[in-house]
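Working notes, structure below.
The values are calculated or read from the model by the stated rules, or taken from the named source; none is laboratory data. This structure is a prediction, so every number in the text was calculated from the model and none was measured. Counting neighbours? That spans all protein chains shown, and the Cβs are built from the backbone with ideal geometry, glycine included. Note: areas computed on protein heavy atoms with side chains; ligands, DNA, RNA excluded. Shrake-Rupley method; radii C 1.70, N 1.55, O 1.52, S 1.80 Å.
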Amino acid sequence: MEANGLGPQGFPELKNDTFLRAAWGEETDYTPVWCMRQAGRYLPEFRETRAAQDFFSTCRSPEACCELTLQPLRRFPLDAAIIFSDILVVPQALGMEVTMVPGKGPSFPEPLREEQDLERLRDPAVVASELGYVFQAITLTRQRLAGRVPLIGFAGAPWTLMTYMVEGGGSSTMAQAKRWLYQRPQASHQLLCILTDALVPYLVGQVAAGAQALQLFESHAGHLGPQLFNKFALPYIRDVAKRVKARLREAGLAPVPMIIFAKDGHFALEELSQAGYEVVGLDWTVAPKKARRRLGSW
């Protein structure tokens with residue numbers, strides 16, 4: 001610890017590192033607890049803050065994101081904070097219009113329908129510069145956490161982002177996105193590569209801004225069977241981890257634990273455990289003891 005109580009990046013010294021030690025596979029005195037939707041509708045103060053402006057305007061306000069991230073920690077003894085943001089800021093930064101429709105969820109007025117629609121997307125190299133507001137929110141929140149608990153950054157995985165961009169919003173079947181995989185495999189891989197190229201500097205930028213762990217959300221893994229998952233999701237999940245870690249080393253930034261959470265991806269737990277992440281998240285359909293037996297210690 002430095003004499004002024006600041007860590008190597010100039011942030012307040014971390015007082016509770018239980019979550020990070022657990023993520024690195026180290027022994028801890030207790031099982032750390034955090035919630036993936038810590039800033040949520042169950043909090044009246046969250047609803048009051050959110051009512052002041054539309055969803056993506058909130059996402060673009062570092063002050064609002066910081067406040068929403070800290071609210072749950074004022075009520076509960078959680079062991080980590082996760083920055084308030086949304087996975088769909090990445091398609092927005094690629095030039096797609098996204099709105100949050102009350103009672104319906106995210107909506108893309110002009111989704112990707114044909115291969116040539118990929119030409120509408122911005123160069124993925126500019127995405128990180130478009131998302132400076134997320135980095136500002138992370139830095140502000142890390143300062144205001146005052147070392148109480150670590151701060152988690154996150155992004156959506158390429159397949160999950162692709163589903164929204166092709167479907168135009170949420171879907172119970174992902175019929176349009178899956179049709180792309182079958183009928184336009186080359187264009188699908190092209191889109192997934194664009195998204196991977198956008199995600200890597202975005203995640204590295206989150207660490208540079210102060211994120212102490214990263215989570216990749218493959219929220220729509222369950223819409224793919226093992227064959228499609230192994231072809232169109234897993235290679236990009238692996239690539240994100242490999243490239244983020246390499247970029248962190250190149251930038252002289254300390255490594256952070258990375259978490260992969262593939263919702264309903266129980267069929268791919270073994271593959272995910274070998275994908276380059278320190279933590280594999282489990283959803284409610286998987287018994288932790290059975291998952292541990294399947295994966296052992298990796």
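Among the residues of the range 48-91, those identified as open to solvent by less than 10 Å² (accessible area, probe 1.4 Å) and within 14 Å of ILE138 (Cβ to Cβ) are CYS59, CYS65, CYS66, LEU68, THR69, ALA80, ALA81, ILE83, VAL89.
Where residues in the range 32-47 are outside any loop (DSSP other than H, G, I, E, B) and either loosely packed, with under 12 Cβ neighbours inside 10 Å or in contact with a Pro (Cβ under 7 Å, 6 or more places away or on another chain) (or both), which of them is modelled with the lowest pLDDT? Outline the logic, then answer.
The initial filter retains those residues of the range 32-47 that are outside any loop (DSSP other than H, G, I, E, B), namely 44-47.
Keeping just the survivors that are either loosely packed, with under 12 Cβ neighbours inside 10 Å or in contact with a Pro (Cβ under 7 Å, 6 or more places away or on another chain) (or both) gives 44, 47.
Details: PRO44: 92, ARG47: 88.
Taking the candidates together, the pick is ARG47.
Could you list, in sequence order, all residues of the range 28-80 that are more than 23 Å from PRO106 (Cα to Cα) and among the aliphatic types (A, V, I, L, M)? Write out each step before concluding.
Of all residues in the range 28-80, those more than 23 Å from PRO106 (Cα to Cα) come to 28-34, 70-80.
If the condition is that a residue be more than 23 Å from PRO106 (Cα to Cα) and among the aliphatic types (A, V, I, L, M), then VAL33, LEU70, LEU73, LEU78, ALA80 are the ones that fit.
Among the residues making up the range 1-23, those that are more than 18 Å from the chain's Cα centre (by Cα) and either of a type in the set (Phe, Trp, Tyr) or at pLDDT 95 or above (or both) are PHE11, PRO12, GLU13, LEU14, LYS15, ASN16, ASP17, THR18, ARG21, ALA22. Report, by residue number, each residue of the range 144-172 that is among the polar types (S, T, N, Q) and modelled with pLDDT of 95 or more. Within the range 144-172, THR160, THR163 qualify. Does the range 216-226 hold any residues that are buried (at least 24 other Cβ atoms within 10 Å of the Cβ) and farther than 19 Å from LEU181 by Cβ, and which are they? Result: LEU216, single match. Take the conditions (1) open to solvent by less than 50 Å² (accessible area, probe 1.4 Å); (2) free of Cβ contacts under 8 Å to residues at least 40 places away in the same chain; (3) more than 21 Å from GLU115 (Cα to Cα); ALA213 misses just one of them, which is (2).
If I filter the range 271-278 for residues that are more than 26 Å from GLN186 (Cβ to Cβ), surrounded by 14 or more Cβ atoms within 10 Å (Cβ to Cβ) and not polar (S, T, N, Q), do I get at least one hit? Explain how you work it out, then say what you get.
Within the range 271-278, the subset more than 26 Å from GLN186 (Cβ to Cβ) is 273-274, 277-278.
The next check asks that each one be surrounded by 14 or more Cβ atoms within 10 Å (Cβ to Cβ); those that pass are 273, 277-278.
Imposing the further condition that a residue be not polar (S, T, N, Q) reduces the set to 277-278.
Yes, the conditions are met somewhere in the range 271-278.
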